[in-house]
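The values are calculated or read from the model by the stated rules, or taken from the named source; none is laboratory data. Just so you know, these numbers come straight off a predicted model, no measurement behind them. Here the Cβ positions follow ideal geometry from the backbone for every residue, glycine too, while neighbour counts run over all protein chains shown.
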Amino acid sequence: MHQSILVFRNFRYLKWAASVIAAAVVLYVFHSPEYGLPNGGTWLGYVLGTIGAVLILWLMWFGIRKRRYGTGGAPVEDWLSAHVYLGLALIVIATLHTGFQFGLNVHTLAYGLMMIVIVSGILGLMAYIRVPELMTNNRRGMTLTQMMHEISDLDTACRETALSLGDEINQIVLKAARDTRIGGNVLRQLSGNDPNCATRQANQAVRHLADHAPQVQAEGFRSLLGLLARKEELLARARRDVRFKAFLDIWLFVHVPLSFALLAALMAHIASVFLYW
Amino acid sequence: MPDSVKIAIVGSGPAGLSAAGRAAATGVSHVLLEQRDHLSDTIYKYQKGKLVMATPDVLPLRSDLSFQIGIREEVLGTWGTQITGLKANIRFNSEVTAIKGEKGNFELTLSDGSAINAEYVVFAIGLQGNIRLLGVPGQDREWVQYQLNDPDEYSDETIVVVGAGDAGIENALALTKQNSVIILNRGSEFVRIKQGNLTAITTAIEKNQIDCIYSAETARVDDDGIVVKTPQGETKVKCDRIIARLGASPPRKFVEACGIKFPNADPSSLPELSAQYESNVPGLYVIGALAGYPLIKQAMNQGYEVIEYIQGKQLKPADEPLLEQKFAKIPGNRSVLEILALIQGSVPLLSGLTTLQLREFLLDSNVHVPRGGDVIFERNDYTNSFYSIVDGEVNILIDPEDETKVISLGKGAFFGEMGLLSGRRRTATVMASMPSLLIETPRRSMIKLINSVESVKRVMDEAAVGRQIQTYIAPGIPLSDLQELIQTVKVEKFGQGEVLFREGEAGDCLYLIQRGSVTVSREVGGKEAVISYVAAGNYVGEMALISKAPRSATIRAAVAVEALRLDGGPFQALMARNEAVRRTIEARYRGRMLQNIESTEQPEAGGIIQFLIEQGLGEATDVLLIDEALCVRCDNCEKACAETHQGTSRLNREAGPTYQTIHVPTSCRHCEHPHCMVDCPPDALRRNANGEVYITDSCIGCGNCERNCPYGVIHMAAKPRKKPGLLQWLLFGRGPGPGQAVSGKWGPDSKKEDGGPKKAVKCDMCKDVTGGPACVRACPTGAALRVEPSEFFKVVSSGL
């Protein structure tokens, strides 16, 4: 049956990553360079640096691999599982490569960028594990498009019901239909909420007016309030859906561009090491 | 005094037109009767710029008119010019309403009341039928139309749709986008329409998108609208346009009224014809689609040939070179006629066929000359062709463990019918035991034959019963031992959802599922809960026979089911007689009992099975499921599909229902009996040994499969141009990226009319892609999964 990428193939890539980490740690502990403390310039430093650089290139190749369809080889799930575990292993390998020497230079810049990329990856992984199920539960079998259609149907129904309830109500209902927004800028998407939701305001206003409505309009008000409540509930769900989708996507806007920044810094780091040292 | 001609040709489609062309060219007196005011109405109604295909390529054209692949306007234009050049005698607006008389003296009555005398009549009326008109004054006004090609052509009009069938409703719904629509329903509600249409039309009426007038009879059409009679009285509905969709009277009715016989009531059966297309009524000839030849080129050839035959000329059929080619590998250098005689003489199943039927049958078939020891097909292959043995012998390996256990079939026998019946994998490997001569016939031709020749159907049915009992219930038992049981067998058919038997009833029989699948359910807490699923090739109902207790579960058809009903008595006698049979059945009994107990512990598994069955998985052989607990909605599956299949994704991830976290996206399920295969003129839909149903290049883009698929997984799409490679997109932003829609510069070749030919596309399970289904391989989180439902249901019932 279905298996998450973490337990995939009985933790095969976790085992790989763990062996690489264990080997690096053992070598590091027993490593005593001729001069000074362990650092990137010793033989072990070069070995770890090479492994780290190759890993970074390979990890970035994932972006190419997942878009190369129908090429055979290991399925993308293998790649992602390995990408996750070997990416995490990079924390240890690169840190040992530094020999814990940091400063205000291009070398530490590359290290810092790498750590940001890895942390964003971890956030992404957490989203991938947690969000899909929340999203499914929130949707209750509807797609976002279906929700939008239903919201627009409810708008029509609201307008029809409002026709018999006077100008003020009609204005309120029209405004609710016109000004209600789903999504918006990044923060709005991530919040999953609209503090100035036009439909919520309309609902409150209509409720207030209903208290003073003449008897003949009671029926109309009741059905209008029912429709507005249903619309609010759907809006909340649609906004949550947008929010979940944003969670699934947003980390990539850090992960991918910074990977390229890392690649540039890495090249500068390697070039400077070989040219100027 | 009626006009008198030698040959009257009814219908001016490709067949009739070609016949008229031949008649004109040879100077024989003739008339071509066309009920419309233009030629070839079916092709005339194709949408503008539609490409008309000229398959099969190998068949030579034999006609005084030319025909090659081209757009509708070119094809019709060429025919129009050529038929005028030949000075054929054409009468438009001449619907034939009755034919009386006999060879040499037929009288054809036309709709305008006039009559024509003819010595011979050629029917070339196709399958489309006569479209029913409103039948009231004003029905011929220019703005009253009986078809709708493109609903987007009209906007801001008030349109009245007459007719509340599927066609009317679909038109009405499509027109509401840009118009105000009123639908007239003769009844007081919508009946006999597809469930989807019913929901759509009732919602549209509730939302006031469409007005509906119930119990409405059309009285007349005035200058500015339609007058309608309702129980409340007559009212006029003003409108700009009337679209009447009142169905068509099937051509078969008319043909039968002229005395032509069909072998049975099956809608796909064809009239019996001689090798020269003459029907059972001497002097009446049938050609073209109505005779079972739906392709334009075949029809044109027949038009030519039938005129030659009527004039007493002998002519080798146009397919002669094709048959010669097919028979080339048969040793002995015999002529086509000799081989046809040999086949008909050696295979009793085919002896009842007319020469025409046999030729057609062999054109579709392949000839094989295996040596001793050659494997014909393997157990578990998904192929569904049918084999007849003209010469030699084959062995059926009935036990996969033991190669020595075989059943031998000799000259004249046939095999492969089980796959044909059940739509499932081959049940045994078949091997030639000596040099043989076999004919392999594809599924569609075989079904056509079964439905058209009564004797074939009877022989097949009889043989199938015995073989199925032998295969599924009593392996290795000779037929002679099973006679008593076989005699009691009845084939019963159940519609989807119908009950084979109910929990608590007394059990007096056993059902062997021959086609389709069933669900097993039990009453749990007052509600019927599904506990498992049983596919074709298995039996149900043995528990009550063994334990002699009432039925322990209810069996319901998951899809349309054909089952063999075996009487309890002879079955119990067989078990008593035969130790091996008793042991297998008892083992199955114990397995079922355990399953019953397990399933009561796991009610959620039943819920999943029930949900999947409702989604039509009961007839699927391979389906894509998505675990939404893992799916990160990246749509890489769709992109992978589009990228590996010419830019069009054949799956829609988001669409489709979800139960708990199991999501069934809109994608092909590779049905056991594919609905898409039912009506494909060039037989372009095929299934290969691994089970995938795919579309070959011979697709003519007619769209039948798209309409026939109940799951909406076939689209019509044109092939886009090749786009730049991935790295060019990644580094320089050239062309659309992976999975992005291809249009404009990279879209289909716009130099061709209508953006190149649109052909049907569907999931082919990536049969030509390295590594298997791209959707599953491209899923980064392992959420996408392809499963074979029967295996999947086993996993589900034994705990997830």
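Worth a mention:
- B:Ala257 being assigned by TED's automatic domain parsing to the domain that holds B:Thr97 and among the small types (Gly, Ala, Ser): yes
- Matching entry among B:Ile389, B:Ile396, B:Ile447 (being farther than 22 Å from B:Ile339 by Cβ, touching a residue at least 40 places away in the same chain (Cβ under 8 Å) and aliphatic (A, V, I, L, M)): B:Ile447
- Members of segment A:7-42 that are surrounded by 15 or more Cβ atoms within 10 Å (Cβ to Cβ), in a loop (DSSP other than H, G, I, E, B) and within 14 Å of chain B (Cβ to nearest Cβ): none
- Scanning segment B:182-210 for residues that are in contact with a Ser or Thr (Cβ under 8 Å, 6 or more places away or on another chain) and either buried (at least 16 other Cβ atoms within 10 Å of the Cβ) or modelled with pLDDT of 85 or more (or both) yields a count of 8.
- Meets criteria (more than 30 Å from A:Asn39 (Cβ to Cβ), in contact (Cβ under 8 Å) with a residue 60 or more places away in the chain, surrounded by fewer than 18 Cβ atoms within 10 Å (Cβ to Cβ) and within 14 Å of another protein chain (Cβ to nearest Cβ)) for A:Glu133: no
- Identity of the residue in segment B:601-626, within 32 Å of the chain's Cα centre (by Cα) and among the charged types (D, E, K, R), that ends up nearest to the other protein chains (Cβ to nearest Cβ): B:Glu614
- Members of segment A:215-269 that are assigned to a helix (DSSP H, G or I), among the aromatic types (Phe, Trp, Tyr) and in contact with a helix residue (DSSP H, G or I) (Cβ under 6 Å, 6 or more places away or on another chain): A:Phe221, A:Phe244, A:Phe247
- Test result for A:Ile129, outside any helix (DSSP H, G or I) and hydrophobic (A, V, I, L, M, F, W, C): no
- Boolean, A:Val216 is within 14 Å of chain B (Cβ to nearest Cβ) and among the β-branched types (Val, Ile, Thr): no
- Lone qualifier among B:Gly495, B:Gly507, B:Gly516 - being of a type outside the set (D, E, K, R), surrounded by fewer than 14 Cβ atoms within 10 Å (Cβ to Cβ) and in the same structural domain as B:Ala549 (by TED's automatic domain parsing): B:Gly495
- Only strands (runs of 3 or more DSSP E) whose full extent lies in segment B:465-566 are considered here, and the ones with at least 1 residues that are free of Cβ contacts under 8 Å to residues at least 12 places away in the same chain are B:527-535.
- Within segment B:713-732, the only residue that satisfies the criterion of being surrounded by fewer than 14 Cβ atoms within 10 Å (Cβ to Cβ), part of a loop (DSSP other than H, G, I, E, B) and more than 14 Å from chain A (Cβ to nearest Cβ) is B:Lys722.
- Checked against the criterion of being within 28 Å of A:Arg12 (Cα to Cα) and within 9 Å of chain B (Cβ to nearest Cβ), the candidates A:Ala127, A:Ala94, A:Ala89, A:Ala82 yield just one match: A:Ala127.
- Under the condition of being out of contact with any Leu (no Cβ under 9 Å at 6 or more places or on another chain) and either among the small types (Gly, Ala, Ser) or over 15 Å from A:Ala202 (Cβ atoms) (or both), the residues counted in segment A:223-243 number 6.
- Leading residue by the ranking (farthest from the other protein chains (Cβ to nearest Cβ)) among those in segment B:776-791 that are touching a residue at least 60 places away in the same chain (Cβ under 8 Å) and more than 18 Å from A:Phe8 (Cα to Cα): B:Ser790
- The set of residues in segment B:674-691 being surrounded by 20 or more Cβ atoms within 10 Å (Cβ to Cβ) and either on the phi < 0 side of the Ramachandran plot or among the aliphatic types (A, V, I, L, M) (or both) consists of B:Pro674, B:Cys676, B:Met677, B:Cys680, B:Ala684, B:Leu685, B:Arg686, B:Arg687.
- Some residue of segment B:438-451 being assigned by TED's automatic domain parsing to the domain that holds B:Asp381, assigned to a loop (DSSP other than H, G, I, E, B) and farther than 12 Å from B:Ser388 by Cβ: yes
- Every pair of residues 6+ apart whose Cβ atoms lie under 6 Å, when the first sits in segment A:56-74 and is assigned by TED's automatic domain parsing to the domain that holds A:His97 while the second is in a loop (DSSP other than H, G, I, E, B): A:Arg67/B:Pro738; A:Tyr69/B:Ala778; A:Gly70/B:Val769; A:Gly72/B:Gly771
- Residues of segment A:193-208 satisfying the condition of being in a helix (DSSP H, G or I) and either of a type in the set (Lys, Arg) or modelled with pLDDT under 90 (or both): A:Arg200, A:Arg207
- Selected residue (criterion: modelled with the lowest pLDDT) from residues of segment B:226-263 that are part of a loop (DSSP other than H, G, I, E, B), touching a Ser or Thr at 6+ places or on another chain (Cβ under 9 Å) and of a type in the set (D, E, K, R): B:Lys261
- Condition check for A:Tyr46: modelled with pLDDT of 90 or more, part of a helix (DSSP H, G or I), farther than 23 Å from A:Ala268 by Cβ and away from chain B (no Cβ under 14 Å): no
- All conditions in (1) among the small types (Gly, Ala, Ser); (2) touching a Ser or Thr at 6+ places or on another chain (Cβ under 9 Å); (3) buried (at least 21 other Cβ atoms within 10 Å of the Cβ) hold for B:Ala432, with the sole exception of (2).
- Those residues of segment B:645-665 which are away from chain A (no Cβ under 11 Å) and either within 23 Å of the chain's Cα centre (by Cα) or of a type in the set (Phe, Trp, Tyr) (or both), in sequence order: B:Arg650, B:Leu651
- Meets criteria (free of Cβ contacts under 8 Å to residues at least 24 places away in the same chain, within 14 Å of chain B (Cβ to nearest Cβ), on the phi > 0 side of the Ramachandran plot and not in a helix (DSSP H, G or I)) for A:Gly184: no
- Of all residues in segment B:149-169, those satisfying the criterion of being more than 18 Å from B:Glu217 (Cα to Cα) and modelled with pLDDT of 85 or more are B:Tyr154, B:Ser155, B:Asp156, B:Glu157, B:Thr158.
- Taken over segment B:773-799, the criterion of being surrounded by fewer than 21 Cβ atoms within 10 Å (Cβ to Cβ), in contact with a strand residue (DSSP E or B) (Cβ under 9 Å, 6 or more places away or on another chain) and either at pLDDT below 85 or more than 19 Å from A:Ser4 (Cβ to Cβ) (or both) is satisfied by B:Glu788, B:Ser790, B:Lys794, B:Val795.
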